[in-house]
Amino acid sequence: QVHLVESGGGLVQPGGSLRLSCAASGNIFSINTMGWHRQAPGKERELVARIASGGSTNYADSVKGRFTISRDNDKNTVYLQMNSLKPEDTAVYYCNADISSRGYSIYYRYWGQGTQVTVSS
């Protein structure tokens, strides 16, 4: 059993910053790619950022230059530093991680419970 617990969401004014955290726990043997998606009302879930085990990153064009994804492998945690936030960043943010467990040979994508980010004046 693997669980991802995320935190750090909240209400922030335009131009402000938030830092999201997502910690994985449970039967973890190895973690490959970790990432963040978001879903705004009336829209489909979209990729925000991802980070590979080796540290390479990818970002959606809409957040490039403003958001930074990072990870702490010792803590099984992925972070999303969000700067210069805009109202259009308002969404529920979901972390995910591709994790293999002891006794299994494949990776499975686990998802966090979601955390609300609201950017409004």
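Annotations
- Applying the criterion of being touching a Lys or Arg at 6+ places or on another chain (Cβ under 8 Å) and among the aromatic types (Phe, Trp, Tyr) to the residues of segment 93-121, the residue that is farthest from Gln1 (Cα to Cα) is Tyr93.
- Total residues in segment 81-93, condition assigned to a strand (DSSP E or B), surrounded by 21 or more Cβ atoms within 10 Å (Cβ to Cβ) and not aliphatic (A, V, I, L, M): 1
- Count of segment 1-15 residues which are assigned to a loop (DSSP other than H, G, I, E, B) and surrounded by 14 or more Cβ atoms within 10 Å (Cβ to Cβ): 2
- Close contacts from segment 60-85, counting a first residue that is more than 11 Å from Cys22 (Cβ to Cβ) and a second that is among the acidic types (Asp, Glu) and not in a strand (DSSP E or B), with Cβ to Cβ under 8 Å and a gap of 6+ residues or different chains, come to Ser62/Glu88; Val63/Asp89; Met82/Asp89.
- Leading residue by the ranking (most open to solvent (accessible area, probe 1.4 Å)) among those in segment 94-109 that are of a type outside the set (Ser, Thr, Tyr) and assigned to a strand (DSSP E or B): Arg109
- For segment 43-80, the set of residues classified as in a loop (DSSP other than H, G, I, E, B) and β-branched (Val, Ile, Thr) consists of Val63 only.
- Restricting segment 48-80 to residues that are basic (Lys, Arg) and under 24 Å from Phe29 (Cβ atoms), the residue that is least open to solvent (accessible area, probe 1.4 Å): Arg71
- Every pair of residues 6+ apart whose Cβ atoms lie under 7 Å, when the first sits in segment 93-121 and is farther than 30 Å from Gly15 by Cα while the second is open to solvent by 60 Å² or more (accessible area, probe 1.4 Å) and of a type in the set (Ser, Thr, Tyr): Asp98/Tyr107; Ile99/Tyr107; Ile99/Tyr108; Ser100/Tyr107
- Among all positions in segment 28-38, there is no residue which is basic (Lys, Arg), open to solvent by 20 Å² or more (accessible area, probe 1.4 Å) and either in contact (Cβ under 8 Å) with a residue 40 or more places away in the chain or out of contact with any helix residue (DSSP H, G or I) (no Cβ under 6 Å at 6 or more places or on another chain) (or both).
The values are calculated or read from the model by the stated rules, or taken from the named source; none is laboratory data. Everything numeric in this text was worked out from a predicted model, so none of it was measured. Note that we place each Cβ from the backbone using ideal geometry, even for glycine, and neighbour counts take in every protein chain shown. These accessible areas exclude ligands, DNA and RNA; they are computed on the full protein's heavy atoms, side chains included. Shrake-Rupley method; radii C 1.70, N 1.55, O 1.52, S 1.80 Å.
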